[in-house]
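What follows is a single structure, written as structure tokens, with notes after it.
Rule-based calculations on the coordinates, nothing more; no lab input. Note that the structure is predicted; figures quoted are calculated from it, not measured. Please note: Cβ atoms are built from the backbone with ideal geometry, for glycine as well, and neighbour counts cover all protein chains shown.
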Amino acid sequence: MCLQPLSRRVNSAPCFNGASLGGDITGSDDEDSSNRMTHLLESAFEDELVVDAVLASSVAQRQVIWRIRDDSDAIETTCEAYLSYDVGMQLQHMPEYVDNFRSRFLENYPDRTPYIFGHMGDGNLHIMFAVSNDELGDRRTFDDIVYDSLGSFESTTISAEHGIGLEKKAYLGRSRSEAYVHSMHCMKIALDPNNILNPGKVF
């Protein structure tokens, strides 16, 4: 099993106690867009919202910055096995969810590092961490930690992008009420009376 820190695999990317944010800005005038971003960052530094920042000055530098965000292969290719989750919640609940999840995860697995990354503005978080092949075959403890942490928040989802399928079917009730799931079932019956579309996946 691999517990190598991700930062070693991605150009020694810095790690902060808060969050690292990457993004693009576009506009009709590159110089004007750059000036606007510089002004925004200056204000953020003054308000102590940012501790460090890097602005790409070329396409190559931009690609290096985005590779830090996109290179989940750093986990996938160097570990015996891994688990990946895709949860969603309201933006204001993200910090508390992450704190709750980290606390419970590290209480059970203090020698491991969970990697959490997502999409600015849409409430989507991806969670990945290394496991052994044996643990991959019996993942219920890990699933419980990830999904139970959603229970105290409203308007959550156990699958923000990739569907429910079979893996998450048992946990649908963690983010949807019984009435909501019943409505989903009724819609499935109405649209697919012969049950030929993914039978048994959710219903």
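The table below gives the values:
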{"quantity": "Beta bridges by DSSP in the chain, antiparallel share as percent, to the nearest 5", "calculated": "95 percent"}
{"quantity": "FRET efficiency, residue 51 to residue 153 (Cβ-Cβ, R0 25 Å, nearest 0.05)", "calculated": "0.35"}
{"quantity": "Column: log10 I(q)/I(0), Debye, Cα scatterers of segment 19-104, q = 0.14, 0.15 Å⁻¹", "calculated": "-0.78, -0.87"}
{"quantity": "For 37, 128, order by how many other beta-carbon atoms lie within 10 Å, fewest first", "calculated": "37, 128"}
{"quantity": "Longest site-free stretch - the chain; sites: GluC sites (Glu not before Pro), DSSP loop, at most 12 other Cβ within 10 Å", "calculated": "49-153"}
{"quantity": "Signed unit charges on C-beta, dipole axis of the chain, positive-most listed residue 54, 156, 39", "calculated": "156"}
{"quantity": "Size of charge dipole - segment 71-121 - debye, nearest 20, with Cβ of Lys, Arg +1 and Asp, Glu -1, no other charges", "calculated": "200 debye"}
{"quantity": "Translational diffusion coefficient (Stokes-Einstein; Kirkwood radius from C-alpha pairs) of segment 100-203 at 10 °C, 1.306 mPa s, in µm²/s", "calculated": "101 µm²/s"}
{"quantity": "Under the Debye formula (equal points on every Cα, no solvent term), log10 I(q)/I(0) of the chain at q = 0.11, 0.17, 0.18 Å⁻¹", "calculated": "-0.67, -1.24, -1.32"}
{"quantity": "Intensity falloff of segment 59-153 expressed as log10 I(q)/I(0), Debye formula with alpha-carbon point scatterers, at q = 0.11, 0.19 Å⁻¹", "calculated": "-0.36, -0.98"}
{"quantity": "Chain lengthening between residue 103 and residue 178 when straightened (0.36 nm per residue, less Cα-Cα)", "calculated": "24.1 nm"}
{"quantity": "Residue-averaged [θ]222 nm for the chain, counting only DSSP H segments that reach four residues, each worth -39500 (n - 2.57)", "calculated": "-11500 deg cm²/dmol"}
